[in-house]
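Read through the structure below, which is laid out as structure tokens, and then see the notes.
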Amino acid sequence: MKSKIIICLVLLSITIAGLGCSSQSEGSQLDSSQLNDTNNASAGNLKDIEGIWIGNLTVQGGLELRIVFNISTNPDGSISASMDSPDQGVSGIPVESVSYKNGNLNLGVKSIPGSFEGIYKENNETIEGEWKQAGSVFPLVLNRIEKAPETHREQDPIKPYPYTEEEVVYENKEAGVKLAGTLSLPQSEGPFPAVILITGSGQQNRNEEIAGHRPFLVLSDYLTRQGIAVLRVDDRGIGGSTGNVSQDTTEDFAEDVLTGVEYLKSLKEIDPSRIGLIGHSEGGLIAPMVAVKSPDIAFIILMAAPGVTGEEILYMQSDRIARAEGASNETIAQNEALMRRMYSVVKEEKNNTAAEEELREILRTEIANTSEQKTESSGHSEAVIDAQVTALTSPWMRFFLTYDPRPTLMKVKCPVLAITGEKDLQVPPEENLRAIDDALKAGGNKDYIVKELQGLNHLFQTAKTGSLSEYAKIEETISPDALEIIGNWILEHIQEE
């Protein structure tokens, strides 16, 4: 029997739900005083495991993430350890427990929460084991390296920049959330036109860091060099921004962007009549919401934005990602049937307790009938179920499944540029660009462009297949053609009369 692919969680944009690491503020790192030393590793030869270890996790959709463990011995014989996720821009995560006995290494990371269990192989100096988190298990082989991997990509700007950067903090008072970000300002004389960059789904830092790339850093650098001020901001609960997103929806994040607009309007360096928005993926849902609420928005750019409901998006991306990974038509059809049963519960059962019980029953039956899962412990299966159910019944998911962006798009009267990569598997271009085009036309918008960009994926990289597994392997962060299209379109729309 073929096992089914359970892709229940949205993969838009993407910060990787598979790890769920909480980022420190940009460029920051925890020092050794913030780590819990451990004293339970004396049973093994500590020299075996001292040093820097790296391994690759392959998570949902085939995306690869590097994991780095830094293990060192303290003068008193205890061990300090920390974990980095360079492809998510996260470093210095405390490893609270370290156990090494008879060649068996155990690392516990409570803040995520997650753990690694592996066996040291002296013949090839590797540690072979598994990473466990949120009910999921991933094979992970660690190899010792001399120094931590470089995270610089070819398109990352190198200081000193020909413009100024300011660290800023402002508050969404109604939500009680402080938002931290970076404002880049051209060196010419202001006041300047400005854009706010809006990240995709999941908690992401101001650079929208993913797979070793910093798309918003590259985009911000490009636009600021064109004379456009750029504000990029850490999402709630990430980096320097406060807040707990467990009860938040896309509409709450739109309020944060509105707060950012008001902040920019208060600055003497910014022309309040020339403030625009650039939203990527879920950010492309948010930008039209803000444009409808704020008549001061001069223009919006939608990068890989959904044009249909979240439920339709999830079916599309599940199908395309599964096909890219070589799944059969039978498996894809079975997976969609499972998704439809679960989403029906989420949409129709408003009582969370009742919905959770229905979803658990569906998933227990599914796991029981899936050959690969039969050998796993019941405890692990329940952990998988709990993780899925929590995600499915969250306020964010309940909103996302049913939200249709088309009525909002019909109300957008400012200029719009909507672009999507031809090889985008997460927000497929044909269906979504058509829906955006139809909505803007129906609403009477007189100034918009809808364009499919050939050869580009969801991150606007030049790609061969569009598969998520390519993201980290591609050196390019954003196609120069995409940057030029965005920059030229903005410059055409901000000319002072």
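Here, each number is a calculation from the coordinates, and none is a lab measurement. Just so we're clear, the structure is a prediction, and the values are computed from it rather than from any experiment. Note that we place each Cβ from the backbone using ideal geometry, even for glycine, and neighbour counts take in every protein chain shown.
Divide the volume of the convex hull around the Cα atoms of the range 315-433 by the residue count and you get 131 Å³ per residue.
Relative contact order, whole percent, for the chain stands at 15, derived from Cα pairs under 8 Å and 6 or more residues apart.
Taking the alpha-carbon distance from Lys47 and a cut-off under 23 Å, which lysines remain once sequence neighbours fewer than 8 residues away in the same chain are dropped? Counting by Cα, and skipping residues close in sequence, Lys47 has these lysines nearby: Lys101, Lys121, Lys147.
Against the main long axis of the alpha-carbon atoms of the chain, helix 310-324 sits at an angle near 60°. With contacts taken as Cα pairs under 8 Å and at least 6 residues apart, the range 141-195 reaches a relative contact order of 27 percent. For the peptides 350-360, 478-488, 302-312, the ranking by packing is 302-312, 478-488, 350-360, with the highest mean count of neighbouring Cβ atoms within 10 Å listed first.
Using every pair of distinct Cα positions in the range 137-183, the Kirkwood expression returns a hydrodynamic radius of 15.7 angstrom. Residues of the range 276-308 with an amide N closer than 14 Å to a point placed 7 Å from the Cα of Lys413 along the Cα-to-Cβ direction: 291-299. The alpha carbons of the range 81-130 stretch over 32, 21, 16 Å along the principal axes, in descending order. A dipole drawn for the chain from +1 and -1 charges on Cβ atoms has a positive end, and of Thr151, Ala439, Leu459 the residue lying farthest that way is Ala439. Take the Cα of Glu382, step 7 Å toward its Cβ, do the same at Asn56, and the gap between the two points is 3.6 nm.
When you count the other C-beta atoms within 10 angstrom of each residue and take the mean per peptide, 179-190, 149-160 line up highest first as 179-190, 149-160. Which option, (1) 36; (2) 40; (3) 52, is the value of percent of Cα pairs over 33 Å apart that was calculated from these coordinates? Read-out taken from this structure: (2).
Label positions at Asp76 and Ile449, each projected 7 Å from the Cα along the C-beta direction, are separated by 6.4 nm.
Residues in the range 472-497 near a label at Glu422, defined as backbone nitrogen under 16 Å from the 7 Å Cα→Cβ point? Zone members listed by number: 479-482. Calculated on the alpha-carbon coordinates, the convex hull of the range 233-334 measures out at 139 cubic angstrom per residue.
Relative to the dominant Cα principal axis of the chain, helix 329-348 is inclined by about 70°. Contact order for the range 448-497, expressed relative to its length and based on alpha carbon pairs under 8 Å spaced 6+ residues apart, stands at 27 percent.
Secondary-structure-derived ellipticity at 222 nm for the chain, considering helices only, amounts to -9500 deg cm²/dmol, per-run term -39500 (n - 2.57) for DSSP H runs with n ≥ 4.
A protection proxy built from the mean count of other Cβ atoms within 10 Å ranks the segments 201-209, 257-265, most packed first, as 201-209, 257-265. Would you tally the net charge around Asp438, using a Cβ to Cβ cut-off of less than 13 Å, leaving Asp438 out, and scoring K and R as +1, D and E as -1? Cβ neighbours under 13 Å give a net charge of -1.
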